[in-house]
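Please read the structure below before turning to the comments.
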Amino acid sequence: MLSKVISAAYLALWISSCVVTSAVDVHMTRALQLMSETPLIDGHNDLPWQLRKQFNNELNKVDLYTLETTHTNIPKIKEGRLGAQFWSAYVPCETQYKDAVRQTLEQIDVVHRMCEKYPETFMFATSSQDIMKAFNMNKTASLIGVEGGHSLDSSLGTLRTMYQLGVRYLTLTHSCNTPWADNWLVDTGSEPSQHNGLSPFGKQLIVEPPPGGGGGPPAGGGGGGEKPRGRPAQNPGKKNPFFFPPPFSSKRNVPDDVLMKVNNTGGIVMVNFYNDYVTCRDTATVSDVADHFDHIKKVAGAGIIGFGGDYDGVTRLPEGLEDVSKVPKVVAELLRRGWTDEEVKAALGDNLLRVLREAEKVRDSLNGTSPDDVPIPYDEVKNSCRTSYGYPNAGAVHSLSTLVLLLTLAGSFQINSFINCL
């Protein structure tokens, strides 16, 4: 009799275990099915920065099939069903006023070379049409976003050139003010506001149309979570890849009023996985990340949500989301919470595709429009590392090192003559 009771208990436990396992498998199976129908488009990955940090961009020394010192490699990309990726052309704020443009161009170059080295995996992409073409070829569409307006050196010409090289979004700032935009630290009180969000040139830069349809990336974002005040609405499809949702207290998170504004303008908010933004703690879980998806959906609807994991750009990731191969777990969790197939597909990629298509319509409507070639006022960018060529009445500007060299080598007459010319 006792053996029958024990057997019955084991049977009940086994059945219960199968039910739970079956439920989990159902959600993951459905998640993978949806990801085979709609591309997972991630708005931010810092693998290019890791290639610089670890290999100084020497791709010949890297094998992305076997690389294990990053969150991202080719096997992980395949397992994570990554349909399209905006690779970040990021350089630190310390490069501002120095070599930010050169270093950013080198990061753009490494993305191009990565696609050329692994054509069986990556397809370089610059449009919504390219994304779908790559997806249908079972390749990861590879787009570029520039992380921080300091990479432009306050130049509309640099912005247009980067667009021609394939850049399709620019975050306005990272963690430093530029001569035309305030960064998120202003909201913490740790840095003073210099522009009340955006200067007149900052607004000028945002509405600059792309080359051939007029000049800047069709998707501009408020970088680093800062909220520019008075932002113009030239492009109704603005993509904000660096906004992170509340409900926690990090200043990098998007306030509810901004979420609603993004909904009103048809934009997108892409959820970052960094623990410090997800929970404001060192640790987080897949469920915590899904809470942010739920919050955005509750406040502004599923039509503004996207994925922006920030893999290889952060030091702490949620348990269960340790690398890009784990992203399907978020999709399965959303399904477990009752998200419909349509809502999940919207977050996976349909929202981003809609935003990009709207931006492309704006670009095309401006075809033939002359680019804005009025430069930023010289007084707003004047520093010891910048010359003034082209600016009338700006006066000559020489670096301190140049003056020291001239003063060392010149005779007294030559010194006096030189000083009189300044």
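The values are calculated or read from the model by the stated rules, or taken from the named source; none is laboratory data. All values reported here derive from a predicted model rather than from experimental measurement. Positions of Cβ are backbone-derived with ideal geometry, glycine not excepted, and every protein chain shown enters the neighbour counts. Note: areas computed on protein heavy atoms with side chains; ligands, DNA, RNA excluded. Shrake-Rupley method; radii C 1.70, N 1.55, O 1.52, S 1.80 Å.
Cross-link pairs exceeding 28 Å in C-alpha to C-alpha distance, out of LYS261/LYS361; LYS297/LYS329; LYS61/LYS133; LYS76/LYS251; LYS133/LYS203, comprise LYS61/LYS133; LYS76/LYS251; LYS133/LYS203.
What does the charge add up to near MET162, with Lys and Arg as +1, Asp and Glu as -1, over the other residues with Cβ less than 14 Å from its Cβ?
Values: positive: ARG102, ARG160, ARG168; negative: GLU106, ASP109, GLU147, ASP153, GLU208.
Counting the neighbours of MET162, the net charge comes to -2.
Annotation: lysines with alpha-carbon distance below 19 angstrom to LYS382 (same-chain offsets under eight excluded): LYS98. Among ARG363, ARG30, the order of accessible area from largest down is ARG30, ARG363, computed with a 1.4 Å probe on protein heavy atoms. Heavy-atom surface analysis with a 1.4 Å probe gives region 65-214 a carbon and sulfur content of 53 percent of its accessible area.
On the beta carbon distance between GLU116 and ASN56, with R0 = 22 Å, the FRET formula returns roughly 0.75. Each Lys or Arg adds one and each Asp or Glu takes one away; over the other residues whose Cβ falls under 9 Å from the Cβ of TYR274, this sums to 0.
Sites listed here are GluC sites (Glu not before Pro) in region 91-120 whose DSSP assignment is loop and whose Cβ has at most 11 other Cβ atoms within 10 Å: GLU120.
What is the extension gain from ASP187 to ASP256, computed as 0.36 nm multiplied by their sequence separation minus the C-alpha to C-alpha distance, in nm to one decimal? Mind dumping the intermediate values first?
Details: separation 69, 0.36 × 69 = 24.84 nm, distance 1.54 nm.
So the extension gain works out to 23.3 nm.
The length gained on full extension between ARG281 and ASP341, counted as 0.36 nm times the residue separation minus their Cα-Cα distance, comes to 18.5 nm. Label-to-label distance for THR369 and ASP63 is 5.0 nm, based on points extended 7 Å past Cα in the beta-carbon direction.
Please report the carbon-and-sulfur percent of the accessible area for region 268-344; probe 1.4 Å, protein heavy atoms only, DNA, RNA and ligands left out.
After summing per-atom areas, the C and S share lands at 45 percent.
Between GLN164 and ASP99, the modelled label-to-label distance comes to 2.4 nm, taking each label 7 Å out from Cα in the direction of the beta carbon.
Remark: region 88-154 carries 37 Å² of accessible area per residue (probe radius 1.4 Å; ligands, DNA and RNA excluded).
Considering only THR387, LEU366, LEU353, and ranking their Cα positions along the charge dipole of region 351-390 that arises from unit charges at the beta-carbon of Lys, Arg, Asp and Glu, the one farthest toward the positive end is LEU353. Ligands, DNA and RNA are left out, and with a 1.4 angstrom probe the accessible area of region 291-391 is 45 Å² per residue.
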